[in-house]
Amino acid sequence: MRLVYLHQYFKFPNEQGGTRSYDLAKQFVEAGHSVSVLTTTSDKNVAKGSRWSSIKQDGIDVYYINIPYENGMSYSKRIYAFLRFVFYSTFKLLSMRCDVVLATSTPLTIGVPALIKKLLTKTPYVFEVRDVWPEAVVAVGALNNRLIQGILFWFERLFYRWADSIVPLSADMKESIVTRVPEVASRIHHVIPNIAEVGRFNGSIARVDLDEKLGFKPRFSILYAGTFGRVNGLHKVVELAAITLNIDPGICFILIGDGVLKGEIIDLSQKVGVLNKNLFVFDPVAKEELPRWYASVSMGSSFVIGVKELWANSANKFFDALAAGKPVLINYEGWQAEVIHSRNVGYVLPVEVTELSAREFVCYTQDTGLHNEQCLNSLWLAENEYSLEIASRNYLQVLSKAASRSEFSTR
């Protein structure tokens with residue numbers, strides 16, 4: 001099977017960012033399939049060609065176009081970056097022979113080249129839904145123009161209806177899709193969550209020396225490794241740190257990453273008196289470096305602002321913690337909260353931090369027996385329900401079924 005993987009933000013493990021697409025693509029290659037990736041980069045040393053440049057790594061052919069993009073860009077600049085990628089990737093995709101296209105959002109515009117390819121060459125495509133975009137964007141108030149909202153929702157329905165298969169990353173995403181576009185329910189054959197890559201996050205891993213990094217040895221440590229974005233709600237971590245500092249200064253919060261609100265979070269932490277006391281901020285690290293941090297802390301975490309539409313997310317941070325055999329701390333409801341409660345793999349904070357909720361969390365951190373039990377439960381869950389092997393096996397079923405409809409199929 002010849003697969004073209006459309007992912008605007010494809011990353012290798014030695015880069016910063018999620019590696020779901022890389023991990024799956026590598027598994028597809030090892031299963032004997034041909035995988036080409038169309039993506040972007042801001043590194044001019046990578047994309048040296050006049051338009052596209054390419055590398056082959058781990059059996060994956062990756063085609064890059066240089067389009068600068070970062071979390072701190074304005075929405076108008078982001079949209080311009082999306083549209084540029086749509087334009088160039090469409091022509092590139094049309095020049096490639098393949099049996100199936102896998103288009104993974106965000107952004108939603110990733111569906112455009114896949115749809116055009118299908119209309120002109122009858123090549124089937126699978127549409128992967130990483131979040132309910134544009135529903136979530138509208139819910140957080142980032143897009144208030146009713147006309148543009150209507151256009152984006154129209155495109156979303158269009159991509160779903162033409163897709164040969166739809167792969168949401170959570171049951172809540174599936175429910176959102178089916179509720180709004182019920183006629184595509186039969187095209188959702190598998191919900192394939194983000195991956196707990198146990199092989200990367202567990203085993204004999206050299207730990208980070210927290211004593212050296214923090215200046216003291218914390219009794220209990222919580223790691224957040226991700227984006228400092230507008231939807232991530234990291235001001236809630238600062239609020240929690242401010243309260244727990246007076247209750248138990250042995251609890252510390254470690255934030256690793258970058259984003260548009262990083263400076264604001266640092267300023268707020270300094271203002272309330274927790275910065276470099278029980279809250280520490282570090283620059284982002286490559287994915288392959290994260291296991292060392294997770295191995296060194298007591299638990300992982302994932303946070304979002306108080307918007308219900310964001311609860312459907314399938315955060316890499318959640319699965320990385322499980323893969324490392326660590327409990328997960330979150331501040332939202334939805335399917336991840338249900339997993340934490342039913343499988344006993346972490347702690348769910350209320351959206352609004354209070355002294356009472358902070359004290360209850362401190363009590364939780366002092367229960368060593370519960371913590372040890374949750375570590376074992378997390379690793380079991382990662383290995384038996386969210387492993388790369390399970391995800392790739394389910395995905396190959398979806399892709400093979402879609403590719404069988406291609407008139408150019410080589411199978």
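The values are calculated or read from the model by the stated rules, or taken from the named source; none is laboratory data. Predicted, not measured: the structure shown is a model, and the values here were computed from it. Methodologically, a virtual Cβ is constructed for each residue, glycine included, from the backbone with ideal geometry; neighbour enumeration extends over all protein chains shown. What goes into the accessible areas is simple: the full protein's heavy atoms, side chains included, and nothing from ligands, DNA or RNA. Shrake-Rupley method; radii C 1.70, N 1.55, O 1.52, S 1.80 Å.
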Sorted by chain and number, the residues with a modelled amide H under 5 Å from that of Ser301, at a separation of 5 or more or across chains, are Leu223, Ala225, Leu329
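For the chain, what is the calculated [θ] at 222 nm in deg cm²/dmol (nearest 500), taking -39500 (n - 2.57) for each run of four or more DSSP H residues and dividing by its residue count?
-13000 deg cm²/dmol, from helical runs alone.
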Separation in nanometres of the label points that stand 7 Å from Cα toward Cβ, at Glu183 and Lys277 = 6.0
May I ask you to derive the FRET efficiency for Phe91 and Val29 from their Cβ-Cβ distance with R0 = 30 Å, giving the value to the nearest 0.05?
-> 0.75
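Sort Leu356, Leu290 by accessible area with a 1.4 Å probe, largest first. Intermediate results must be reported in sequence, preceding the final value.
On the way: Leu356 115, Leu290 20 Å².
My answer, sorted largest first, is Leu356, Leu290.
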How much accessible surface does Ile67 have with a 1.4 Å probe, in Å² rounded to 10?
-> 0
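Percent relative contact order of the chain, based on C-alpha pairs within less than 8 angstrom and at least six residues apart? If you can, show how the numbers build up before the last one.
Working: 775 pairs, mean separation 72.6, N = 411.
In percent, rounded to a whole number, it is 18.
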From the coordinates shown, Kirkwood radius over Cα pairs in Å corresponds to which of [x] 28.9; [y] 24.9; [z] 22.1 | [z]
GNM flexibility winner over the chain from Ser378, Ser204, Ser53 (Cα, springs under 10 Å) | Ser204
Using a simple spin-label model with points 7 Å from Cα along the Cα→Cβ vector, what separation in nm is obtained for Ser342 and Ala139?
-> 1.9
With Cα coordinates, the longest principal axis of the chain makes an angle with the long axis of helix 355-365, in degrees rounded to 10, of 90
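First measure r as the distance between the Cβ atoms of Trp52 and Glu373, then evaluate 1/(1 + (r/R0)^6) with R0 = 51 Å and state the FRET efficiency to the nearest 0.05.
Values: r = 51 Å, r/R0 = 1.00.
Efficiency for this residue pair is about 0.50.
What does DSSP give for the chain in terms of the percent of beta bridges that are antiparallel, rounded to the nearest 5?
Counting DSSP beta bridges with both partners in the chain, the antiparallel share is about 10 percent.
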Under 5 Å between amide H atoms, partner at least 5 residues away or on a different chain: which partners does Tyr332 have, H built in plane at 1.01 Å?
-> Leu349
Could you pull out every residue, at least 5 positions away or on a different chain, whose amide H is within less than 5 Å of the one on Cys252? Hs are placed 1.01 Å off N in the peptide plane, and Pro or chain starts have none.
-> Phe220, Ser221, Ile222
How large is ³J(HN,Hα), in whole Hz, for each residue of segment 301-310 in order, when computed from phi with the Karplus curve 6.51 cos²θ - 1.76 cosθ + 1.60 and θ = phi - 60°, using x for Gly and Pro?
-> 7, 8, 10, 9, 6, x, 10, 4, 4, 7
Relative contact order of segment 328-411 (C-alpha contacts under 8 Å, at least 6 apart) in percent is 20
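Between Glu15 and Tyr80, what length in nm is gained on full extension when 0.36 nm per residue of separation is reduced by their alpha carbon distance?
Values: separation 65, 0.36 × 65 = 23.40 nm, distance 2.39 nm.
Contour length minus Cα-Cα distance gives 21.0 nm.
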Distance in nm between Leu356 and Lys122 label points, each 7 Å along Cα→Cβ, equals 6.5
The extension gain from Leu147 to Lys401, computed as 0.36 nm times the residue separation minus the Cα-Cα distance, is 87.8 nm
Step through the residues of segment 273-280 one at a time and calculate ³J(HN,Hα) from phi using the Karplus curve (6.51 cos²θ - 1.76 cosθ + 1.60, θ = phi - 60°), rounding each to whole Hz and writing x for Gly and Pro.
-> x, 10, 4, 6, 10, 10, 9, 10
In order through segment 321-333: 3J(HN,Hα) via Karplus (6.51 cos²θ - 1.76 cosθ + 1.60), integer Hz, x for Gly, Pro = 4, 4, 4, 7, x, 10, x, 10, 9, 10, 10, 8, 9
Distance between Cα centroids, segment 162-223 to segment 106-144: provide it in whole Å.
-> 20
Report the extension gain between His235 and Leu158 in nm, rounded to one decimal, defined as 0.36 nm multiplied by the number of residues separating them, less their alpha carbon distance.
-> 24.0 nm
